[in-house]
Amino acid sequence: MGSRFGGLKQVQPVGPAGELIIEYSAFDALRAGFDRLVLVIRKDIEADFRATIGRRLESRMQVDYVFQETDGRTKPWGTGHAVLAARDAVTRPFAVINADDFYGTSGYTALAAHFAASQDYALVGYSLRQTLSEHGTVSRGVCATDEAGRLRSIAEITRIAKTAHGAKYTEADGLVHLLSGDEIVSMNFWGFTPAVFPQLGNLFAAFRTKHAGDPKAEFYLPTAISALNERSEASVSLLRSGDAWFGLTYREDIAVARTTIAALITQGKYPSPLWR
């Protein structure tokens, strides 16, 4: 909904021919072997979304829409509930991404290769320094792994600011912690099988009962998967991407996004225009 950005981030052009971030995501996913796109949106923006985004992609791949119902709340129930909303539309292993984040090619390739060999869930992680904004603080889920390199837990850290040598974050009491920038963080780029839907359904039912009176409570996907992982109800492989990541958190991020895309085109990573 773009509260900090000040508008619908998903329709901001970042490519030289007016391409949107989600078009680059769809392009990368297609190259990696994904062949279908399910868009989780609010019902009240369906017409605008189809006109601005759907029409660009429907001629490239199968596009379906599902709706995240708010049950009368102003604020949606969160990213975990958004994935759950797709349960009747998805029957095969699938990726989950944010529509306003650019992830690069290698994450999709790694995830497709993972599902060719495993039915475990997966998270594509990025080094923290790849994900910081020059224009303000960000929140990131910092990943911890076990001895085998599998995801053990995700700790959500807020108010992370870029520094000359890495990053720092400040707790509510003013205590400052330094970060190297090499920490692996979650950018909500996941891989699941349909087995995740009943698991999320059970967790959300309990969450909703507990937070029924809180209009701001959100059922976060990383928190839900961490809970499953810690209960040994899910096994999550941590895949790593060395590609550039960027998102549109602040309006000032648009210029950085356009510069990054232009550089990737110059390097031969993407054609221009994207769809020929």
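The values are calculated or read from the model by the stated rules, or taken from the named source; none is laboratory data. The shown structure was predicted, so the numbers you read here are calculated from the model rather than taken from an experiment. Cβ placement follows ideal geometry from the backbone for every residue including glycine, while neighbour counts extend to all protein chains displayed. To get the accessible areas, we keep the full protein, side chains included, count just its heavy atoms, and leave off ligands, DNA and RNA. Shrake-Rupley method; radii C 1.70, N 1.55, O 1.52, S 1.80 Å.
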(request) State the answer as a single residue: which of Leu128, Thr249, His81 lies farthest towards the positive end of the charge dipole of the chain, with beta carbon charges of +1 for Lys and Arg and -1 for Asp and Glu, about the Cα centre. (result) Thr249
(message) Give me the net charge for the shell around Ala29: Cβ to Cβ below 10 angstrom, other residues only, Lys and Arg +1, Asp and Glu -1.
(response) 0
(message) Per DSSP helix of 4 or more residues, -39500 (n - 2.57); summed, then divided by the residues of the chain. What does that give at 222 nm, rounded to the nearest 500?
(response) -8000 deg cm²/dmol
(message) For the chain, I need the span (max minus min coordinate) of the C-alpha atoms along each principal axis, in Å, sorted largest to smallest.
(response) 48, 46, 41
(message) Quick check: net charge around Thr91, other residues with Cβ under 15 Å of its Cβ, Lys/Arg +1 and Asp/Glu -1?
(response) 0
(request) Would you please name the trypsin sites (Lys or Arg not before Pro) within segment 179-267 that are DSSP coil residues with at most 12 other C-beta atoms within 10 Å of their C-beta? (result) Lys216, Arg231
(request) Enumerate the calculated ³J(HN,Hα) couplings along segment 179-193 in order (Karplus 6.51 cos²θ - 1.76 cosθ + 1.60, θ = phi - 60°), each rounded to whole Hz, writing x wherever the residue is Gly or Pro. (result) 10, 6, x, 8, 4, 8, 10, 8, 10, 6, 10, 10, x, 9, 9
(request) Within the chain, what's the longest run with no GluC sites (Glu not before Pro) in a DSSP loop and at most 15 other beta-carbon atoms within 10 Å? Give the range, please. (result) 70-133
(request) Give the relative contact order (percent, whole number) for the chain; include only Cα pairs under 8 Å separated by 6+ residues. (result) 26 percent
(message) Suppose the chain between Glu230 and His177 were pulled fully straight at 0.36 nm per residue; how much longer would it get relative to their current alpha carbon spacing?
(response) 16.5 nm
(message) Explain nothing, just compute: Karplus ³J(HN,Hα) = 6.51 cos²θ - 1.76 cosθ + 1.60, θ = phi - 60°, for every residue of segment 46-61 in order, whole Hz, x for Gly and Pro.
(response) 4, 4, 5, 5, 4, 6, 9, 10, x, 5, 6, 10, 5, 7, 9, 7
(request) Express the accessible area of the chain per residue in Å², computed with a 1.4 Å probe while the remaining protein chains stay in the model. (result) 48 Å²
(message) Need one value: the accessible area of Ile21 in square angstrom, 1.4 angstrom probe, rounded to the nearest 10.
(response) 10 Å²
(request) Report the local net charge at Ser186: Lys and Arg +1, Asp and Glu -1, summed over other residues whose C-beta lies under 13 Å from its C-beta. (result) 0
